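We did not get these values from a lab; they are worked out from the coordinates using the rules stated. A quick note: this is a predicted structure, and the numbers were derived from the prediction, not measured. Backbone-built Cβ (ideal geometry, glycine too); neighbour counts: all protein chains shown.
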Amino acid sequence: MNGKKTCVFAVALCVLLVTHQYATAGFVNVAQGKATSTSSNPFGLPPENAVDGYYAHASYLTISHTDLNNTSGEYWEVDLGTTYNLDMVEVVNRLDCCGDRIDNAVVSVLDGSHSSIFTSSALTGGASTPVYTFDNGGSGFNNARYVRVDHFPGTTNYLSLNEVRALIEAPIPLVGTSANLAFLYGTASQSSTDGGGYYGYDARHAIDDFNGSFTQTSGTTDLTPWFEVDLGGSFLIDEINSTTRSECCTNFSQPEYDFNITIEVLDAADQVVFSSGVLNPWDGSGASATVLGLGYTFNVDLGAGVHGQKVRVSKVGQAGNAYLMIGDLKVMGYVPEPASLVLLVIGVLGWLGNRRPYP
């Protein structure tokens, strides 16, 4: 192999390996908190409720709701503020009741001049469909600025929405910088899953980098619940932040949910390399633990850092009070320099350069 071919091969190998190891699967919702408009708001449930980030639970107070108008139709729209190349759009249906009200609605993605990029067919099956996902056949939506949901004239129902999410792939952080590794690389699991919510209160909601969704274990049957995120490889972790739900269920007279918490870092062989000890201990009497309140964060500072692949949050519960709820888990650490990959390429180059030609 001549020098030019060797160089091309080495560069291609390095790019392939780095891309494979550090590609991200996380998404950012660029609709959240953006300006919204609607045709009507008769019940005090404004259009901004559909971009507040709270989508994984059944709450009437977090939906957007229009009037019933068969003459001119009803609409809801979000202005993303600038154009994006969207990967997908999600319309999360109401979870408390009345899911069929979204039937016959049409979802549109528009550019900066309000020209159509994409228009869906009329939605169906709302009574049994928690979320509708659109990705334009995998091509996404280039130069998108507005997402709109319409009930056209003649539709005999209200238009009510839980959440509308416009998603782009999260940018890969610079090598050597601190980032939320759980969001970028993590795969989540937990000991049990309570029902309800957007696909249930499953583990993935704790690592979506936002405390508007949450994970929840089965509190009445799982008395030693745990949650775990696997980063897929060893990282230098310097801080862990586990945040409770921000909208409910942590401010009762007894600390039923936020007690006897332990946060651990494990290596690839599941050996514990760091333990926080028991945080906010409670013996069940109601007097020995603190009611921490909504959106409280257990902060674990690891100083110079600990090398680990997994982070586990666990608790010892009391009968009927053993729910483990996590609104958001951030595992902060450094995106490593791919030094091992560079060394591998150097080794390949050396081997190629020193090979003897066949006789």
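Here are the numbers for this structure:
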{"item": "Protection-proxy order for peptides 36-43, 221-228, each taking the mean of Cβ atoms within 10 Å per residue, highest first", "result": "221-228, 36-43"}
{"item": "Summed residue charge, Cβ within 15 Å of Asp135's Cβ, Lys/Arg positive, Asp/Glu negative", "result": "-2"}
{"item": "14 Å beta-carbon shell around Met332, net charge (K/R +1, D/E -1)", "result": "-4"}
